[in-house]
Amino acid sequence: MTPLVLSALVASSLGFQQAGLRQRLVDRGAPPEFAQQVVQVTAEARAEGLPVEPIADKAFEGLAKGYPAERILPVVRLLADRLRAGRAVAVAAGLTQPPGRVVATAAEALGRGMERTEILEVLRAAPAPDAGSVGLTVAASLVAQGIAPRDAARAVEDAYHQGRSAQELLELPSVTSSWFAEGVTLPEVVRRIHEGQALPFPPGRGAAKGGPPGLRPGRGPPINPPGKSGSKPNRP
């Protein structure tokens, strides 16, 4: 297959994808003009090597909640800009071709209020790009619980420096969530995290492998509750 034929096939495939997205938006009740604008945003993002699924999902989420197109479009564009910023941070961390998941989680962390330097530190502490993505997801979840971004980033960095795996790190939000549910104050939760009490088992023996009962990945609050992006609960 010649490069010219391959390019034509890729262009044709992208055209079908864009047409499919446009039609799905219209089928969900989106005005045709708005649908085309969303398609344009995703096309520009794809051309820059950004993940486009979060952008499309954001548009569908807005439609599902009944928001008018004029309110959804700025949010979609803001997300695209945040993905660009997330990719820039990932590249600065040494990932010349960052995976889409890393870009998306970096964007989510930025949306939660984490600083660029904090995201850089998490990515650099991670042993691999996938672990960096998990680390940013965990940090964003901790911030959503009310923990300061600096403390959340430090918790992830310390865990990786201690030899924790990404799977073990996923326990952290569930542990802190259970402490909050018990009435533990925010300062005390942060103190426990930094003292290593949130992951008391030795590296390589997380809760899924015999650690404290009841602590399993996915048992904490949603990483990004629908409609709650950037919100922080009040804590004592």
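What about Thr96, is it in a helix (DSSP H, G or I), among the polar types (S, T, N, Q) and under 30 Å from Ala126 (Cβ atoms)? So Thr96 fails the test. When you look at Gly211, is it modelled with pLDDT under 95 and buried (at least 19 other Cβ atoms within 10 Å of the Cβ), yes or no? For Gly211, the condition - modelled with pLDDT under 95 and buried (at least 19 other Cβ atoms within 10 Å of the Cβ) - is not met. Screening Ala43 with (1) under 27 Å from Thr117 (Cα atoms); (2) in contact with a helix residue (DSSP H, G or I) (Cβ under 8 Å, 6 or more places away or on another chain); (3) of a type in the set (Gly, Ala, Ser) gives one miss only, at (1). Thr96 falls short on exactly one of the conditions (1) among the β-branched types (Val, Ile, Thr); (2) over 19 Å from Ala45 (Cβ atoms); (3) modelled with pLDDT under 95, and that condition is (2). Among the numbered conditions (1) surrounded by fewer than 22 Cβ atoms within 10 Å (Cβ to Cβ); (2) over 25 Å from Gln162 (Cα atoms); (3) in contact (Cβ under 8 Å) with a residue 12 or more places away in the chain, the only one that Ala104 does not meet is (1). Residue-level analysis places Gly62 outside the set of residues that are surrounded by fewer than 24 Cβ atoms within 10 Å (Cβ to Cβ) and assigned to a loop (DSSP other than H, G, I, E, B).
Please indicate, with yes or no, whether at least one residue in the range 163-179 is more than 22 Å from Ala104 (Cβ to Cβ), part of a helix (DSSP H, G or I), hydrophobic (A, V, I, L, M, F, W, C) and over 14 Å from the mean Cα position of the chain (by Cα). Looking through the range 163-179, at least one residue is more than 22 Å from Ala104 (Cβ to Cβ), part of a helix (DSSP H, G or I), hydrophobic (A, V, I, L, M, F, W, C) and over 14 Å from the mean Cα position of the chain (by Cα). Only a single criterion out of (1) at pLDDT 95 or above; (2) under 16 Å from Ala131 (Cβ atoms); (3) polar (S, T, N, Q) is not satisfied by Gln162, namely (1). Scanning the range 65-84 for residues that are free of Cβ contacts under 8 Å to residues at least 40 places away in the same chain and part of a loop (DSSP other than H, G, I, E, B) yields a count of 3. So which residues in the range 122-137 are in a helix (DSSP H, G or I) and within 16 Å of the chain's Cα centre (by Cα), if there are any at all? Those that are in a helix (DSSP H, G or I) and within 16 Å of the chain's Cα centre (by Cα): Val122, Leu123, Pro129, Asp130, Ala131, Gly132, Ser133, Val134, Gly135, Leu136, Thr137. Somewhere in the range 185-208, is a residue surrounded by 16 or more Cβ atoms within 10 Å (Cβ to Cβ), modelled with pLDDT of 95 or more and not aliphatic (A, V, I, L, M)? Yes - at least one qualifying residue is present in the range 185-208.
The values are calculated or read from the model by the stated rules, or taken from the named source; none is laboratory data. The shown structure was predicted, so the numbers you read here are calculated from the model rather than taken from an experiment. As a convention, Cβ positions derive from the backbone with ideal geometry for all residues, glycine included, and neighbour counts pool all protein chains shown.
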